[in-house]
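Accompanying notes for the structure given below.
Only the coordinates and a few stated rules stand behind these numbers; no lab work does. Keep in mind the model is a prediction, meaning the values are calculated, not measured. Cβ atoms come from the backbone with ideal geometry, glycine included; neighbour counts cover every protein chain shown.
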Amino acid sequence: MNLFRRLFGKKSDRIEENIPNQERGKYMPDIKLPVDERFTINFKANGGKFLYCEDMAEINESFSQILKENNWENQDVFLIDDRLKELFKKFKFSTTKRPSESSFFLSTCEYLIADDGSILISSNQIAEKKLRELPDNFVIYATTSQFVETIGEGLKGIKAKSQFKIPTNITTIKHFKSVDDNKDFMSYGSSLKNLYLLLLEDL
C-alpha cells in the first residue's frame, strides 16, 4: 500500500485512471491511480500546500499552525462565506469584506480538479471579484467528496446543485507561489497565490 493510501484511508470507491508503467510487462494492465492521488500530485506540482485531516479537531489544529507559521493570528481575514465564521469560531481573528485590508483569504471551493490539480471556485466563494483583486494568501477548506476528474465534471456538478440560480464568475486557481516561480514561464501573467488547502476526510 502506498503512502497516499495510508494517509487517506480506503479509496476503493474512488474514480481511477489508467497510467502507464514502464517497468511492467508490455501486455500487463496499467496500474490504476485514484482520482484523489492524482489531484494531490498535480496540486503539489503546481506549488500548492495541503494538509489532510481526518476530523474537525485536526482541521482546527492545522489551521492554528498555518496562522502561527505566517503570523496571521491577530490579522484581518477576507471572508465572504459567513459559514466559515461558525466553523472556525474558536479562532479570534477579525474579518473584513475588503481584500486590501486583509492578510489572507479564507474560503471554501466548488470542486478539486484531479486532471490539473486546480481548485474550482465561483461567485459563491469570491462574489464578482477577480483573482488579482484577492489577497495573495489563500486558505481553502474542502472535503474529499469534492474531488472530480475534470473541470467539465465540476461544471456539471455546479449546475446540478444550483437548481434555482447558477453561480457566476466561475474560474480555477491553478498556479501557486513556489520557490521556482521566476523560472516557470507557464505561470506568466497568472495570479499566483500562496495557497493552503485544508482537506477534510468525509467519505
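Starting from the Cα coordinates of region 35-80, work out the convex hull volume and express it per residue in Å³. Intermediate values should be presented prior to the final figure.
Working: hull volume 5.5 nm³, N = 46.
Measuring per residue, one finds 120 Å³ for the Cα hull of region 35-80.
Quick one: of Lys68/Lys161; Lys92/Lys161; Lys97/Lys174; Lys44/Lys97, which pairs are farther than 27 Å apart, Cα to Cα? Kindly include the intermediate steps, with their values, before the conclusion.
Working: Lys68/Lys161 36 Å; Lys92/Lys161 33 Å; Lys97/Lys174 24 Å; Lys44/Lys97 29 Å.
Exceeds cut-off: Lys68/Lys161; Lys92/Lys161; Lys44/Lys97.
Which value in nm describes the separation of the simple spin-label points at Phe164 and Lys90, placed 7 Å from the Cα toward the beta carbon?
Here the answer is 3.4 nm between the modelled labels.
How many nm is it between the label spots at Glu101 and Met56, if each spot is 7 Å from the Cα in line with the beta carbon?
Going from the Glu101 label point to the Met56 one covers 2.9 nm.
Can you give the convex hull volume per residue for the Cα atoms of region 74-151, as a whole number of Å³? Working shown, then result.
Details: hull volume 7.5 nm³, N = 78.
That works out to 96 Å³ per residue.
Return the distance in nm (one decimal) between the two label points of a simple spin-label model at Lys129 and Arg83, each offset 7 Å from Cα along Cα→Cβ.
1.9
Ordered by packing density, taken as the mean number of other Cβ atoms within 10 Å over each peptide's residues, highest first, how do 161-169, 111-119 rank?
111-119, 161-169
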